[in-house]
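Encoded as C-alpha cells, the structure appears first; notes follow it.
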Ligand SMILES: [Zn+2]
C-alpha cells in the first residue's frame, strides 16, 4: 500500500470496494463492463447504429454517474467503449460528431457531457472532431410528452460547416432514436453522404 492510500483511501465509484488512489473503478467492475460491444445493431434505412452494451446494471450506473455528478474523468472510460465499438465495426468515418446536450442540461451540469467524450474518442481514433449539430433547445426536456419532445427535437438542431461523405455520430444512450434520427436527417440534408451511429448503450 502506498502512503497516499493510507491517508486518502479511495473507493470504487460503482461498488465502493477500496481501490488504488489513482483509479476510479475496481478491477471487478471494469471486468463486468469490458464485455462490449454487443452484437445488436439497428438498420434504420437512413443510418445504422451500433451499441457497446445494454442500458442496464453497471453500464447504466456508470453513464448516470458521469452525467449527474462531476466525475468528468469517467469520460475516458466511456470514450474507450465507443472506440472499441467503432473498431469492432471498422468505422471508415472521415469525421466524428456528437449529439449535443441541450443548453439547459449544459447549465445544470456545467459541461457538455457528450462533447468531452467526443473529444477523447477523436483523440483515441484519430478521426477529426467537429461540432456540426448545434442545440437550440432552451427548455428542459424532462416532463414533456413524447409529442412535445419530438417537436422540440425537430427545431433543436441546425447543421453548420462544410459537406462530408462519411460521418460517425456518437451519443450516450439510444432510447427511442427520435433525437438521433432527427440529427441524421439534418446531417443528410446538409449533404453528408453516410452517417453511422455509435452509442454507449441501447435502452
Ligand atoms: Zn467496483
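Values in this text are rule-based calculations from the coordinates and carry no lab data. As the structure is a computational prediction, the values presented were derived from the model and not from experiment. Here Cβ is always computed from backbone atoms with ideal geometry, including for glycine, and neighbour counts include all displayed protein chains.
Of 173, 197, how do they rank once you tally other Cβ atoms within 10 Å and put the fewest first?
173, 197
Residue separation times 0.36 nm, minus the C-alpha to C-alpha distance between residue 88 and residue 48: what's the value? Numbers along the way, then the final one.
Numbers: separation 40, 0.36 × 40 = 14.40 nm, distance 1.41 nm.
The residue 88-residue 48 span can extend by a further 13.0 nm.
Label points 7 Å out from Cα along the Cβ direction at residue 6 and residue 22: separation in nm?
2.0
Could you line up 86, 124, 114 from fewest to most neighbouring Cβ atoms inside 10 Å? Spell out each step's value before the answer.
Numbers: 86 24, 124 16, 114 21.
Listed from fewest to most nearby Cβ atoms, that is 124, 114, 86.
Taking neighbour counts of Cβ atoms within 10 Å as a proxy for exposure, in what order, fewest first, do 35, 80, 101 appear?
Working: 35 10, 80 17, 101 20.
With the fewest neighbours first, 35, 80, 101 line up as 35, 80, 101.
Report the extension gain between residue 188 and residue 30 in nm, rounded to one decimal, defined as 0.36 nm multiplied by the number of residues separating them, less their alpha carbon distance.
Details: separation 158, 0.36 × 158 = 56.88 nm, distance 3.70 nm.
Using 0.36 nm per residue and subtracting the Cα-Cα distance, I get 53.2 nm.
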